[in-house]
Amino acid sequence: MLNDVLKESGKAFLLGNEAIARGALEAGIDVFATYPGTPSSEIGDTLSRACETLKGRFDFVMEYSSNEKVAVEVAMAASLAGKRSMAAMKHVGVNVASDVLFSFAYIGARGGFVLVSADDPSMHSSQNEQDNRWYGRAANIPVIEPSSVQEAKDFVKFCFELSEHFNIPVMLRTYTRLSHASGIVELAPLQKKAFEKVEWQKNPARDVILPAHARKMKSELVEKMEKAGNYLSRWDGNWIEDGEGDTGIIACGLSYAYAKEAMERLGVEIPVLKLSSMHPVPEELIEEFASQLKHILVVEEVDPFIELHVRALTGVEVYGKLNGFLPMSYEYNVAVVERGLARTLGIKPSIDYEAILEKGRELAILAPPRPPVFCPGCPHAATFYAIKKAVKLAALPGDIGCYTLGANKPFEGVDTCVCMGASTGIACGLSYVVKEPVIATIGDSTFFHAGLPALVNAVYNNHNFVLVILDNSTTGMTGHQPHPGVGERGCGEKGKAVSIENVVRGMGIDFVEVVNPYNLRRTIDAIKRAIEYKGVAVVISRQKCALLLQRERKKGGKKTPKFTVTKNCTLCMECINSFFCPAICFREGKVAIDENLCVGCGVCSRICPEKAIKLCQDEICWLRGNVCSKICPDDAVKLR
Ligand SMILES: Cc1ncc(C[n+]2csc(CCOP(=O)(O)OP(=O)(O)O)c2C)c(N)n1
């Protein structure tokens, strides 16, 4: 909760991501930039609300950038001007930002710069399980990994200090289980702080990264990292705990907590090296730890990153992912680590985990399947329904967002989903090689994030496809953050909304139609005409996210229009089988609408071939004939 994050001092119960946000405030951050992405989003959302709430008391700048590369550039600029800055993103966001990151490492930070990378072992909400510690190695930047919510906060400050001490960008690596865990955190006082602009100090010999400059800076960077490695070998964020026997554990980040609990369950007290600096690896410390041991189990998520180092650095028998003592894939927990440790020590786990897992598998079969579905009233469902009605056979590259659910039955409107913006680039490629019409789908936030360059490419190279932009006026998937199309900013100020249709027309696209997907007839018609068009055609399917719409209705004291299934229903099941709205159910032999779920979009009433779904009679009375103005989701119909 924001109140806890903004407490003056004392203790607070914080989410891992809130603790990171608090850490940034305690460190006196000046500029924060982010593009949302689970599991990092709450860092930005917390700092967004903090920025507004703390105005005049603790001033800093916070923005939702249009993508992660821009976020790092914004924060890097502040660092070059001597300000403390931070950028936060999910792990795949670092792929987008990596271009600037590699060069920034050469140039070096001036004000402290921290990049928070939130990795996602087990891919709870991601397309891959990449381990971003490799970025630290590849880009030559330190990577620090906390093991608790307390450390998540404290290490932010440490990362700023490290960054300033060595003039280097620093990565703080967190992941789902830590970002979304809660814990009691000892706070440091929140100092009063003004935001002051500084004079720009030109430094072209560093900041203009020409080959001649870069050559010089490369060797400086190698030197800095060597010094940082020595420093981190003595840093008290890494430590050795004594224990019995000649087998020890190297536990990285949150795996330290798992390892400690696993040891407790097994009733063993063996030596532990708790590692928080992942890169540069504290080689001296690892060598010191290994010198007393014959066997070491390395516990880390996701890749055998430290394990490889330990194998290279020491002569001991190393156990971990590479020899199957711990799994190569998916998130760890106490049970996983306990089993790996028991095997290493040649003892039995405290519980018969295999039997429990087997029982779990048996029970899982009994549970009814719950496939993910669009929310009731989601405009994306209507758009995918319209696409399906407009064309029988088509190649359908899709993208990442709530609308990826369009891949599921009954819509089956997404043939590919790879990474943000890829729908449009893939549409370019497909339009060269496939016979069928190509209809790509992309969300509004994704369009601004990574769709723009691919669409420019499509215009330039005379590609021939339809791009349906699903504009629900928000970044829905990650928790309704604003984006350039909506004109709201991170610190609560108004921004200038960038019009998608103007941008698209400005690219030279002549076929641009804006439709409301709740109006199915018009939407189907626009898509059909777009398919006939030779060249790039854009259909903007615009209707506010149903969750936001309902929230606004409730706030404004507006009623939700109610629909009912009348006796004209012939049980043809078109509404259930082809639209699959969670608010429509089949109960006691009848199709019915669950009024607790229905948001009154009315799409089902338009789908029904028998016109059997109607606005409730008492609703019509309530609406007193003024129906259109009451149900218009955009409040666009007014009494004169
Ligand atoms: C590089 C990258 N950054 C962030 C994300 C997280 N993410 C997934 S979809 C999405 C945007 C969704 O917004 P939008 O395109 O408007 O579609 P909506 O969910 O609102 O339907 C984001 C930020 C990601 N998957 N990849």
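The values are calculated or read from the model by the stated rules, or taken from the named source; none is laboratory data. Predicted model only: the values in this text are computed from it and were never measured. All Cβ positions, glycine included, derive from the backbone under ideal geometry; neighbour counts span all protein chains shown.
Can you pull out the helices (runs of 4 or more DSSP H) entirely within the stretch 261-366 that have at least 2 residues that are in contact with a strand residue (DSSP E or B) (Cβ under 7 Å, 6 or more places away or on another chain)? Break it down into steps so the answer makes sense when it comes.
Working: elements: 283-290, 305-313, 334-345, 353-366.
Because the criterion is at least 2 residues that are in contact with a strand residue (DSSP E or B) (Cβ under 7 Å, 6 or more places away or on another chain), the helices (runs of 4 or more DSSP H) in the stretch 261-366 that meet it are 283-290, 305-313, 334-345.
Can we say Val515 is assigned by TED's automatic domain parsing to the domain that holds Gly406, closer than 22 Å to Glu552 by Cα and not aromatic (Phe, Trp, Tyr)?
On the way: assigned by TED's automatic domain parsing to the domain that holds Gly406: yes; closer than 22 Å to Glu552 by Cα: yes; not aromatic (Phe, Trp, Tyr): yes.
Considered against the rule, which asks whether it is assigned by TED's automatic domain parsing to the domain that holds Gly406, closer than 22 Å to Glu552 by Cα and not aromatic (Phe, Trp, Tyr), Val515 comes out as yes.
The number of residues in the stretch 56-68 being in contact (Cβ under 8 Å) with a residue 40 or more places away in the chain and either away from the ligand (no atom under 16 Å from the Cβ) or out of contact with any strand residue (DSSP E or B) (no Cβ under 8 Å at 6 or more places or on another chain) (or both) comes to 8.
Count of the stretch 95-128 residues, restricted to those that are surrounded by 20 or more Cβ atoms within 10 Å (Cβ to Cβ) and within 13 Å of the ligand (Cβ to nearest atom), is 7.
A quick yes/no check of all residues on (1) basic (Lys, Arg); (2) free of Cβ contacts under 8 Å to residues at least 24 places away in the same chain; (3) over 18 Å from Ala530 (Cβ atoms); (4) crowded, with 24+ Cβ neighbours inside 10 Å:
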residue	(1), (2), (3), (4)
Val438	no, no, no, yes
Ser445	no, no, yes, yes
His463	no, no, no, no
Leu467	no, no, no, yes
His480	no, no, yes, no
Gly490	no, no, yes, no
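Taking the stretch 367-395 as the range and being surrounded by 10 or more Cβ atoms within 10 Å (Cβ to Cβ), away from the ligand (no atom under 16 Å from the Cβ) and not in a helix (DSSP H, G or I) as the test, the residues that pass are Val391, Ala394, Ala395. If I filter the stretch 69-94 down to residues being of a type outside the set (Gly, Ala, Ser), within 15 Å of the ligand (Cβ to nearest atom) and buried (at least 24 other Cβ atoms within 10 Å of the Cβ), which single residue comes out as nearest to Thr38 (Cα to Cα)? Across the stretch 69-94, the extreme among qualifying residues is Lys90.
Examine the stretch 408-428 for a residue that is aromatic (Phe, Trp, Tyr) and assigned to a helix (DSSP H, G or I), and state whether such a residue exists. No, that holds for no residue.
Taking (1) closer than 21 Å to Leu14 by Cα; (2) under 19 Å from the mean Cα position of the chain (by Cα); (3) not acidic (Asp, Glu) in turn, Val70 satisfies each apart from (1).
Tell me, please, whether a residue that is more than 16 Å from the ligand (Cβ to nearest atom), in the same structural domain as Glu186 (by TED's automatic domain parsing) and outside any helix (DSSP H, G or I) can be found in the stretch 31-48. Walk me through it before giving the result.
Here is the first cut: in the stretch 31-48, the residues more than 16 Å from the ligand (Cβ to nearest atom) are 31-32, 46-47.
Now restrict to residues that are in the same structural domain as Glu186 (by TED's automatic domain parsing): 31-32, 46-47.
Narrowing the set further to residues that are outside any helix (DSSP H, G or I) leaves 31-32.
There is at least one residue in the stretch 31-48 that is more than 16 Å from the ligand (Cβ to nearest atom), in the same structural domain as Glu186 (by TED's automatic domain parsing) and outside any helix (DSSP H, G or I).
Inspect all residues belonging to the stretch 248-255 and state whether any of them is surrounded by fewer than 19 Cβ atoms within 10 Å (Cβ to Cβ), more than 23 Å from Leu178 (Cβ to Cβ) and over 32 Å from the mean Cα position of the chain (by Cα).
No; the residues of the stretch 248-255 include none that is surrounded by fewer than 19 Cβ atoms within 10 Å (Cβ to Cβ), more than 23 Å from Leu178 (Cβ to Cβ) and over 32 Å from the mean Cα position of the chain (by Cα).
The number of residues in the stretch 176-212 being in contact with a Pro (Cβ under 8 Å, 6 or more places away or on another chain) and either part of a helix (DSSP H, G or I) or among the basic types (Lys, Arg) (or both) comes to 4.
The residue of the stretch 416-429 that is nearest to the ligand (Cβ to nearest atom), among those that are buried (at least 20 other Cβ atoms within 10 Å of the Cβ) and aliphatic (A, V, I, L, M), is Met420. Any residue that is among the aliphatic types (A, V, I, L, M), in contact with a strand residue (DSSP E or B) (Cβ under 8 Å, 6 or more places away or on another chain), under 21 Å from Val503 (Cβ atoms) and not in a helix (DSSP H, G or I) - is there at least one of those in the stretch 440-455? The answer is yes, given that some residue of the stretch 440-455 is among the aliphatic types (A, V, I, L, M), in contact with a strand residue (DSSP E or B) (Cβ under 8 Å, 6 or more places away or on another chain), under 21 Å from Val503 (Cβ atoms) and not in a helix (DSSP H, G or I).
Yes or no, residue by residue, for (1) at pLDDT 95 or above; (2) within 25 Å of Val603 (Cβ to Cβ); (3) away from the ligand (no atom under 15 Å from the Cβ); (4) acidic (Asp, Glu):
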| residue | (1), (2), (3), (4) |
| --- | --- |
| Val456 | yes, no, yes, no |
| His463 | yes, no, yes, no |
| Asp471 | yes, yes, no, yes |
| Val498 | yes, no, no, no |
| Ala526 | yes, yes, yes, no |
| Lys534 | yes, no, yes, no |
| Arg542 | yes, yes, no, no |
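The listed residues are Val316, Val299, Val391, and the only one of them that is β-branched (Val, Ile, Thr) and within 30 Å of Val434 (Cβ to Cβ) turns out to be Val391.
Has the stretch 9-22 got at least one residue that is on the phi < 0 side of the Ramachandran plot, within 16 Å of the ligand (Cβ to nearest atom), assigned to a helix (DSSP H, G or I) and buried (at least 20 other Cβ atoms within 10 Å of the Cβ)? Checking the stretch 9-22: at least one residue is on the phi < 0 side of the Ramachandran plot, within 16 Å of the ligand (Cβ to nearest atom), assigned to a helix (DSSP H, G or I) and buried (at least 20 other Cβ atoms within 10 Å of the Cβ). With respect to the stated conditions, Gly136 is modelled with pLDDT of 95 or more and surrounded by 21 or more Cβ atoms within 10 Å (Cβ to Cβ). Contact map, the stretch 89-100: residues that are closer than 17 Å to Leu172 by Cβ and basic (Lys, Arg) paired with residues that are more than 6 Å from the ligand (Cβ to nearest atom) and outside any helix (DSSP H, G or I), Cβ distance under 6 Å, separation 6+ or inter-chain. Pairs shown: Lys90/Ser40; Lys90/Ala118.
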